[in-house]
């Protein structure tokens with residue numbers, strides 16, 4: 001399996017630097033955990049609060065900023081592409097949540113990337129039983145990556 005990441009920083013006030021090797025490790029570990037064996041490409045874009053707010057309102061009908069949005073790519077069966085989809089991360093929300101949860105930016109960013117990648121692969125947390133499955137996967141993946149349980 002080959003994992004490719006397309007990183008974009010559209011955030012005007014962020015000094016956050018992407019570490020592509022770490023992100024590829026986060027995604028690869030997530031894919032391995034669920035036995036995904038295909039090549040995979042994900043586009044990750046870091047945005048400002050106003051951008052994520054607009055996207056959240058348009059696509060989820062939630063009128064406020066959020067930490068991450070996942071946009072799975074649905075490829076027609078006759079076309080062979082490795083693109084799983086797009087993850088859009090709001091730096092200011094990420095930063096505030098990390099501070100509020102007493103976590104490093106890296107730890108919280110890793111959690112969001114794992115969480116978002118699972119969404120791209122069809123996992124969800126709307127129903128309680130789905131949430132338990134998804135959260136348990138996140139906990140196991142994050143522990144494998146050296147981070148603590150994000151739900152404690």
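Every number in this text was worked out from the coordinates using simple rules, so none of it is lab data. Just so it is clear, the structure is predicted and the values come from calculations on it, not from any experiment. Don't worry about glycine lacking a Cβ; one is built from the backbone with ideal geometry, like all the others, and counts go over all protein chains shown.
A few remarks follow.
- Note on 26, 123, 151: ascending count of other Cβ atoms within 10 Å places them as 151, 123, 26, the fewest first.
- Mean separation of Cα contacts under 8 Å (6+ apart) over length of the chain, as relative contact order %: 23 percent
- Cβ-based exposure ranking for 6, 39, in which fewest neighbours within 10 Å come first: 6, 39
- On a per residue basis, the convex hull of the C-alpha atoms belonging to segment 1-52 measures out at 81 Å³.
- The calculated FRET efficiency for the pair residue 21 and residue 61, based on their C-beta separation and a Förster distance of 35 Å, comes to about 0.45.
- In segment 3-144, the alpha-carbon atoms span a convex hull of 124 Å³ per residue.
- Helix-only mean residue ellipticity at 222 nm for the chain, each DSSP H run of n ≥ 4 adding -39500 (n - 2.57), per residue, nearest 500: -14500 deg cm²/dmol
- Relative to one another, the C-alpha centroids of segment 78-152 and segment 12-75 are positioned 9 Å apart.
- Packing-based order for 141-149, 88-96, using average beta carbon neighbours within 10 Å, highest first: 88-96, 141-149
- Counted by neighbouring Cβ atoms within 10 Å, the residues 34, 23 run from fewest to most as 34, 23.
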